[in-house]
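Below: one structure, written as C-alpha cells.
The values are calculated or read from the model by the stated rules, or taken from the named source; none is laboratory data. As the structure is a computational prediction, the values presented were derived from the model and not from experiment. In this analysis, Cβ positions are derived from the backbone assuming ideal geometry, glycine residues included, and neighbour counts consider all displayed protein chains. Accessible surface areas use protein heavy atoms only, side chains included; no ligands, DNA or RNA. Shrake-Rupley method; radii C 1.70, N 1.55, O 1.52, S 1.80 Å.
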Amino acid sequence: MKQIFEISGFLALKEIWRNRSRFLLVSLVIALITLLVLFIAALGEGLGNGNREYISKLDAQLIAYQSKSDYLIAASRLSKDRVAAIRRVDGVADVGMLGTANATLILPGDVKPLKVALLGIQPGHTGEPAVVQGQQLSTDLADEVIIDKNTALRTDLKVGDNLTLRTTQGTQDEFYTLRIVGIADGQQYSLQPSIFVPFYTWDRIKPKSEAEINNPNPVANVILVKLKDPAKINEVSASIVSQVNNVETATLKQAIQALPGYSAQQSTLNLQGGFTLFIGVLVIGGFFQIQILQKVAQIGVLKAIGTANPTVALASIIQIVVVTMVGVAIGGFLTFLFSLSFPPTVPIVFNGTTTAIAVIALLLIGPLSGLVSTRYAVRIEPLKALGLS
Amino acid sequence: MNTYALETENVTKTYQSESGVINAVDEVSLQVKLGEFVALVGPSGSGKTTMLSILAALLKPTSGKVILDGQDLAAMNEVERVSMRRNKIGFTFQANNLVPYLSAVENVELMLRLNGRLDKTGKMRSRELLARLGLAERLHNLPGQMSGGQQQRVAIARAMIHNPSLVLADEPTASLDTERAYQVVETFAGLIHEQNRAGIMVTHDLRMCEYVDRVLQMRDGKLVKIYTNKTEIMDLVKGKTN
Ligand SMILES: Nc1ncnc2c1ncn2[C@@H]1O[C@H](COP(=O)(O)OP(=O)(O)OP(=O)(O)O)[C@@H](O)[C@H]1O
Ligand SMILES: [Mg+2]
C-alpha cells in the first residue's frame, strides 16, 4: 500500500510539475469559483445576519405575537396587560415588551442622515442588549439611548454624545435629542443598525399617524419571554397560548424564519452557491476528462509496463485533490484580501462555520467531478500501448 | 528440464468478427533461449502484434500455453499478469513509448520504482545504461526534447534495467530513418546478448534482421518458417528470399 502511494504520488506530482502552467490554470479557475462561493456564502451570512442579528442574540426563548399575525413583528400589536398575564404563566422568568419602528439619525455636518431601527425595550428586562461600553438604560422614561456597534461604526458617535432623531408625527417631522449612555455589540434589525430606547420614550418618539398621536395606551409589537428552564419551551409555550388571550408564540428560530424576506433571501443565495459549486463540478470534471482522453496511449504504456490499476487510479485522484486544494487555497487567500477592503456597511460576514462548510464543499467537488475520469483511466486497456484496442 | 526462457505450445487467438471467426494467431509453438535475439516478421495482418501481445502478458490466448520462466502466462489472472509484466518482461513500443512528463533517467528508473527496487545502485545503473546508449548528455531531458532515435534508446534502457527474462520490441524502428534504425537495433541486439536476455522484435523491415539470431516468419496467424542459418537470414535481409 505504501508503495502504491509512493509511485502514484510520484507520477501525479511529476506530471503536475512538468505541466504546471496548465494545471495552475485549472487551479485558478477553481480559485475564482472559490472566491465566488465564499462571497455568496458571506453575503448570505451578512444579509441574514443584518436581518436577524438582534433576534438571534436575544436572551429570551419565546416571542409572543398577537394572534393571527403570522409571526410578523410589525403587524403584531400587544397591549400592556398581556405583559402581566404572560409574566404570571408558570415557568416564565422574565418578559419584556418590544416595539419596533424606523427613524432617521441626523448627523452633524454634511454627513448623510442614517436610517436606523428604533427599538423600544424595557430597561432591566429581557430584550435590552448588554452594553460593551457605557451603561444600561436607567428608566422606562429616560431620554437615553443605547446604540449598537454598527451605528457607532457608521457615525463616530460615542458614549456621552447626544444624538438627534427625526420621525414623522402625523404630517409633521419632529426632532428628538437623546443621550447615548451605552454601546452594545452588533444588533442589526431589518438590515439596519439599531438604537435602543426605553419603551415609553419609544412610544413617545416613534413615527405615528394622525390617528395614533393622541392614543394614550402604549402598545408593543411583541413580548419577549425568557424561561426559567429553556428545556421546557414546549410546555411553557402551550401554557402561554392557553392562559393568555389573543396571543401566539414562536421560538427564536421560527421568528427569524418569519422575518420579512429572510427565508426567500437565504434560499436564493443558497441556490446561487449550489449552482456555482455545480459549475465547478462541470469545469473540473470536464478538464480532467479531456486530459484523460489525451492520455490514453500514455496510460496504456504505464499499464503495459506493469503499473497496477490502483496506482493509476490513485495517481488520478491525487492530481485532482492537489489541483483542487491549490485552487481553494488561492481562492481563500484572494477572498481574504478582498474582504479586508470592504467597509462595514457592506453586508458581508465571514462566519467560521459557513466558510468551513463552503470550503469542504469546494474540496469535495474535485474528487467528485474526477470520479468519471478516474473510472475512465482505470478502464484503459494496456493493449492501447501497442496501438490495439 | 526446461532450458528455454520462453516457450509457447499451440497458442491460438481467435476473434469473432462479422465475416466469421478469425484466427489471428493459429497454433503457434516457439521457443526462445536466454541470450537469443529473435525477429518476428510477416505481412500485414499475419498476427505479429497479436502474438507479441500474448507473449507480453497483455492478451490472454484463446488456447495454448505461454511458459515464461516456468510459469504459464495463459493461466494467470490480470493481477498476476501485471506483476509478470513489471518483473519479468521489458518492452519497447512503436510510438508513445515514454512517459512524457518524466525525464530520460526518470523513465528508466520508473521500471525499478514499480518493482520497489529503486535504490542507490539502481539509480547509478540507470545512468550508466543510458550513458552506454549514448545518452549521457540527455539524462534530464523530457521525451519531447529528444529525437525519435534517442527516445527509442531510452525505451530500450527502460526495457532492460530491471533485468527481465524477456525483452519485447514492437516495430522499434518504425519511426526512424534507416541509419538510426540500424544503430538502435544493433545496440539492442548487443545488450540482449551481453546481458543474456531472451529478445523478440516484431518488424516490417527485413533489413533489421541482420542483427538477430533467428527469424520467425508468420502468415495468416501461423508460424510458417524459421530461419536459423546465418546465410539464410542474410539472404532474407538482402531481399533474395520472398
Ligand atoms: N481486436 C481484434 N478484433 C478482431 N480482429 C482482430 C483484432 N486484433 C487483430 N485482429 C485481426 O487479427 C489479424 C492479425 O492482426 P495483427 O494486428 O496481429 O497483425 P500484424 O501482423 O501485427 O499486422 P501489421 O503488420 O499490419 O501490424 C488481422 O486479420 C486483424 O484484423
Ligand atoms: Mg502489428
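Points to keep in mind about this one:
- Sequence-distant residues sharing a close amide H with A:Asn102 (under 5 Å, placed H): A:Leu118
- Per-residue ³J(HN,Hα) for the range B:135-145, Karplus 6.51 cos²θ - 1.76 cosθ + 1.60, θ = phi - 60°, Hz, x for Gly and Pro: 10, 4, 8, 10, 3, 9, 7, 7, x, x, 9
- The protein assembly as shown - mean residue ellipticity at 222 nm from DSSP helices (-39,500 (n - 2.57) per run, n ≥ 4, rounded to 500): -14500 deg cm²/dmol
- With all protein chains in place and ligands, DNA and RNA left out, the 1.4 Å accessible area ranks A:Ser242, A:Ser267, A:Ser194 as A:Ser242, A:Ser267, A:Ser194, largest first.
- Cα pair count fraction exceeding 50 Å, expressed as % - the protein assembly as shown: 44 percent
- The order of the peptides B:218-224, A:36-42, A:227-233, B:22-28 by mean Cβ neighbours within 10 Å, most packed first, is A:36-42, B:22-28, B:218-224, A:227-233.
- Qualifying trypsin sites (Lys or Arg not before Pro) in the range A:44-83, DSSP loop, other Cβ atoms within 10 Å at most 10: A:Lys68
- Cβ-placed point charges (K, R +1; D, E -1), dipole of the protein assembly as shown about Cα centre in debye, nearest 20: 1260 debye
- Placing A:Ser76, A:Ser56, A:Ser21 in order of accessible area, with the largest value first and a 1.4 Å probe, yields A:Ser21, A:Ser56, A:Ser76.
- Degrees separating the helix A:2-18 axis from the principal Cα axis of chain A, which is the longest one: 80 degrees
- The long axis of helix A:352-379 is offset from the longest Cα principal axis of chain A by roughly 20 degrees.
- Rough spin-label spacing in nm, given labels placed 7 Å along Cα→Cβ, for B:Thr12 and A:Arg379: 3.2 nm
- The length gained on full extension between A:Thr139 and A:Asn245, counted as 0.36 nm times the residue separation minus their Cα-Cα distance, comes to 35.3 nm.
- Within the straight-line cut-off of under 25 Å between alpha carbons, the lysines reachable from A:Lys158 are A:Lys57, A:Lys112, A:Lys115, A:Lys149, A:Lys206, sequence neighbours fewer than 8 places apart in one chain being disregarded.
- Förster-model FRET efficiency, 22 Å R0, B:Asp119 and A:Asn19, C-beta, rounded to 0.05: 0.15
- Extension gain from A:Ser341 to A:Arg166, taking 0.36 nm per residue of separation minus the Cα-Cα distance: 59.8 nm
- Estimated Rh, the range A:93-181: Kirkwood, alpha-carbon pairs, angstrom: 13.9 Å
- Using only alpha-carbon positions in the range B:95-242, the gyration tensor eigenvalues give semi-axes of 30, 16, 13 Å once each is multiplied by 5 and square-rooted (largest first).
- Atom-type composition of the exposed protein surface of chain B places 46 percent of the accessible area on carbon and sulfur (1.4 angstrom probe).
- Whole-Hz Karplus values for the range B:5-10 come out as 6, 9, 8, 10, 10, 6 Hz, taken residue by residue from phi with 6.51 cos²θ - 1.76 cosθ + 1.60 and θ = phi - 60°; glycine and proline positions read x.
- B:Ser29-B:Val79 FRET efficiency (beta carbon distance; Förster radius 41 Å; 0.05 resolution): 0.90
- Pairs of Cα atoms farther than 29 Å apart, the range A:68-245, %: 23 percent
- With K and R counted +1 and D and E -1, the other residues having a Cβ less than 14 Å from that of B:Val82 yield a net charge of +3.
- At R0 = 22 Å, FRET efficiency that the Cβ-Cβ distance of A:Ser209 and A:Arg87 yields, to 0.05: 0.15
- Rounded to the nearest 20, the Cβ-based charge dipole of chain B about its Cα centre (Lys and Arg +1, Asp and Glu -1) stands at 460 debye.
- Gaussian network model of chain B, Cα within-10 Å springs - most flexible of B:Gln183, B:Gln31, B:Gln16: B:Gln16
- Axis of helix B:120-132 versus longest Cα principal axis of chain B: the two differ by about 70°, to the nearest ten degrees.
- Remark: spin-label model distance B:Ser147-B:Arg132 equals 2.2 nm, labels positioned 7 Å along the Cα→Cβ axis.
- Legend: distances between Cα atoms for A:Lys68/A:Lys208; A:Lys208/A:Lys232; A:Lys14/B:Lys65; pairs beyond 30 Å are A:Lys208/A:Lys232; A:Lys14/B:Lys65.
- Cut-off under 5 Å, modelled amide H: who pairs with B:Lys13 long-range: B:Ala24, B:Val25, B:Asp26, B:Glu27, B:Thr62
- Whole-Å semi-axes of the ellipsoid equivalent to the range B:52-132 (Cα gyration tensor, √5λ, descending): 28, 14, 11
- Per-residue 3J(HN,Hα) values for the range B:61-76, derived from phi via the Karplus relation 6.51 cos²θ - 1.76 cosθ + 1.60 with θ = phi - 60°, read x, 5, 8, x, 10, 10, 9, 10, 6, x, 10, 8, 4, 5, 9, 8 Hz in sequence order (x marks Gly and Pro).
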